[in-house]
Amino acid sequence: MKLHEYQSKRLFAKNGVPIPEGDVAETPEQARAIAEKIGGRVVVKSQVLVGGRGKAGGVKLANDAAEAEQLASQILGMDIKGLPVRKVLIDPASVIEHEIYLGITNDRAAGMPVMICSAAGGVDIEEVAATDPDKILREHIDPVFGLRGYQIRNLASGIDLPRELWRQFGKIANGLYATYKGTDATLAEINPLIIDGDGNLLAVDGKIDMDDNALFRHPDLEAMRDPDEDAESEKEAREADLAYIQLDGNIGCMVNGAGLAMGTMDIVNFFGGSPANFLDIGGGAGPDKVAAAMKIILSDENVKALLINIFGGITRCDDVANGILEAMKMVEVNVPMVVRLVGTNEEEGRALLADADMITATSLAEAAQKAVAAAAGA
Ligand code: GDP
Ligand code: MN
């Protein structure tokens, strides 16, 4: 789950990170009132859960409250990368002397979080990584010891931060790590962290990505969820308790078990296809869940073939077969379906599907190849 800039910055501030003292508006009038209270120049910032709002015209400077109102009315009507802007953040405008990147994410290979810092802030870190990899500094954080003083000094000296700002930088780095840890985040990022006109550090932009599997520990943060965050299908999947992620390909995949789902996607790729989604219907999924899953996959217009790969264990193949038949009554299946059922009650499952119009396969390789061929032919 992603948090908005204003939500992320407020969480950072609770941990001692300095942020501009602004507020959120849902109407141009509110924006004006906030700007009047701030006084002077303000920045009007769209609150949508995508990066690159600046480039998309969703971040604008206003000289006074009247201009803030006018810009807010313009930005509140925008769509940024497909997401409607429903809120704007009005912050006092900062004079920017320098833009720094500071973030923490999980390094799965290292098995611990890594703090990333760059003197080339303001732009996407992915872009810096591609064009200027030497400008990116990393410090792995041992969760037992936490972020150590020498690591903070390594980063500060590595980006040539003026000495007099090292103390401030340390406070911000520690505050960012505390927020990352405290929210069970998978990403916490300040971009840019600026040196302002007074020569102080200030977190001008903020981003937190939380680990959905830890959300049950944070009901207060869950309450901040923006329903516009996900595609409609991902919302439906969450409600049906399905792990679903929409992708760019054209082969819909319905699989039980996350590992098998990943393996299935790899094999689809191996045979020259491209998966339209990741979907794990979970262990012991009954017909209802299977039907919900099929409905969600087929609602994606890119899907040209459906690959069902079930390894029956706790999940019974006859339950899955019933779910498929159930779903076929509810949604019109207008793409070829390739089904591979093995494991618990596979004979019963296959018998149930014998009369349905679908392609069967016994091995996964065979199923993937048939799905790739079917998608190409469709
Ligand atoms: P993003 O494009 O979604 O990452 O949004 P940001 O909040 O990072 O804003 C994009 C860019 O707008 C920043 O990198 C700054 O260059 C600029 N910007 C944001 N806030 C201010 C501000 O208060 N003053 C000035 N001068 N520029 C700002
Ligand atoms: Mn930014």
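Which distance in Å, rounded to a whole number, links the C-alpha centroids of region 227-245 and region 131-158?
Region 227-245 and region 131-158 have Cα centres separated by 36 Å.
What nm distance separates the two modelled labels at ASN106 and ASN200, each placed 7 Å from Cα along Cα→Cβ?
Label-label distance for ASN106 and ASN200, simple model: 3.6 nm.
Could you tell me how far the Cα centroid of region 318-378 sits from the Cα centroid of region 26-56, in Å?
51
Below 8 Å, C-alpha to C-alpha, sequence gap of six or more: please give me the relative contact order for region 21-92 in percent.
So the answer I get is 48 percent.
Quick check on the chain: of the DSSP beta bridges with both residues there, what percent are antiparallel, nearest 5%? Walk me through the numbers before you get to the answer.
Details: 47 of 63 bridges.
Counting only bridges with both partners in the chain, antiparallel ones make up about 75 percent.
On a 0 to 90° scale, report how tilted helix 28-38 is relative to the longest principal axis of the chain, with both axes built from alpha carbons and the result rounded to the nearest 10.
40
Working from Cα positions, state the angle (0 to 90°, nearest 10) between the long axis of helix 5-14 and the longest principal axis of the chain.
60
Taking the Cβ-Cβ separation of ASP228 and LEU325 as r and a Förster radius of 25 Å, what is the calculated FRET efficiency to the nearest 0.05? Could you put the intermediate results ahead of the total?
Details: r = 35 Å, r/R0 = 1.39.
Efficiency at R0 = 25 Å is approximately 0.10.
I'd like the Karplus ³J(HN,Hα) series for region 316-324: coefficients 6.51, -1.76, 1.60, θ = phi - 60°, whole numbers in Hz, and an x wherever there's a Gly or Pro.
9, 4, 5, 4, 5, 4, 4, x, 5
For the chain, modelled as a Gaussian network with Cα springs under 10 Å, which listed residue fluctuates most, SER233, SER118, SER157?
SER157
Once the piece of chain linking GLU347 and GLU26 is laid out straight, how much longer is it, given 0.36 nm per residue of separation minus the C-alpha distance between them?
109.8 nm
Among 73-84, 267-278, what's the highest-first ranking by average C-beta atoms within 10 angstrom per residue? Write out the running numbers ahead of the final one.
Values: 73-84: 15.2, 267-278: 19.8.
Output ranking for 73-84, 267-278: 267-278, 73-84.
How large is ³J(HN,Hα) for each residue in region 281-298, as worked out from phi by the Karplus curve 6.51 cos²θ - 1.76 cosθ + 1.60 (θ = phi - 60°), to whole Hz, x for Gly and Pro?
Working through the residues one at a time gives 7, x, x, x, 5, x, x, 4, 5, 4, 5, 4, 4, 5, 4, 5, 4, 6 Hz.
Any idea what angle helix 166-182 forms with the longest principal axis of the chain, computed on alpha-carbon atoms, 0 to 90 degrees, nearest 10?
The helix 166-182 is inclined about 30 degrees to the chain.
Beyond 31 Å between alpha-carbons counts as too far, so tell me which of LYS81/LYS370; LYS55/LYS135; LYS207/LYS295; LYS135/LYS171; LYS55/LYS304 fall in that bin.
In this structure, LYS81/LYS370; LYS207/LYS295; LYS55/LYS304 lie more than 31 Å apart at Cα.
Could you order peptides 170-180, 355-365, 339-349 by the average number of other Cβ atoms within 10 Å of their residues, highest first?
170-180, 339-349, 355-365
No value in this document is a laboratory result; all are computed from the given coordinates. Please read these numbers as outputs of a predicted model, since none were measured by experiment. So basically every Cβ, Gly included, is an ideal-geometry build from the backbone, and we count neighbours across all protein chains shown.
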